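The values are calculated or read from the model by the stated rules, or taken from the named source; none is laboratory data. Every value quoted in this text rests on a predicted model; they were computed, and no experiment measured them. Quick reminder, even Gly has a Cβ in these numbers, built from the backbone with ideal geometry, and neighbours come from all protein chains shown.
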């Protein structure tokens, strides 16, 4: 093999590696996450807000904490193209807190994900804890659950990537 062929082969290998690395960065990019597990009254169903600021979208995943079957639902909220990351944070805060931000944006598209798009793939009890709310005597089992989200086109405008995450859930001991 002459020098020219060796150099060309080397260039192909280097360029292929760079392209794979660039695509790996895109695949590994995770959305900003906010996990809510309790309110003023104590533990509640876990809400996970995934912000896709570049796509002006928020995926809200709710993991029910009534029992250890952990039913999961997901809803995508798509906002105007001019919506800032700060405005998305205000909207998210209003969904689980005291709705302090009257200037929070309103989604232009709200799409509930079909059954199976958000699934619990594994669960592990990590301990127990006392309710942080006024009903202090209640004991809850603490769990870590692995969540799998499938890719989804929403409203013909955005494509949410597939990703996995680990989330904590508290279930009242019976």
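Selection of first residues in segment 104-128 that are surrounded by 17 or more Cβ atoms within 10 Å (Cβ to Cβ) and of second residues that are part of a loop (DSSP other than H, G, I, E, B), restricted to Cβ pairs under 6 Å at least 6 apart or on distinct chains, gives the following pairs, ordered by first then second residue: 105/79; 105/83; 107/79; 117/150; 120/70. If the condition is being over 16 Å from residue 147 (Cβ atoms) and either part of a strand (DSSP E or B) or modelled with pLDDT of 95 or more (or both), then segment 33-49 contributes 38, 39, 42, 43, 44. Where strands (runs of 3 or more DSSP E) sit wholly within segment 70-174, those with at least 1 residues that are closer than 16 Å to residue 34 by Cα occupy 72-78, 139-149, 163-172. Of all the listed residues (114, 132, 107), the sole one being in contact with a strand residue (DSSP E or B) (Cβ under 6 Å, 6 or more places away or on another chain) and at pLDDT 90 or above is 107. Tell me yes or no: at least one residue of segment 137-150 is exposed (fewer than 11 other Cβ atoms within 10 Å of the Cβ) and under 30 Å from residue 83 (Cβ atoms). Looking for residues that are exposed (fewer than 11 other Cβ atoms within 10 Å of the Cβ) and under 30 Å from residue 83 (Cβ atoms), one finds none in segment 137-150, hence no. Tallying residues that are over 17 Å from residue 48 (Cα atoms), touching a residue at least 24 places away in the same chain (Cβ under 8 Å) and within 20 Å of the chain's Cα centre (by Cα) within segment 129-153 yields 1.
Only one of the numbered conditions (1) surrounded by fewer than 11 Cβ atoms within 10 Å (Cβ to Cβ); (2) touching a residue at least 12 places away in the same chain (Cβ under 8 Å); (3) under 17 Å from the mean Cα position of the chain (by Cα) is violated by residue 91, and that is (1).
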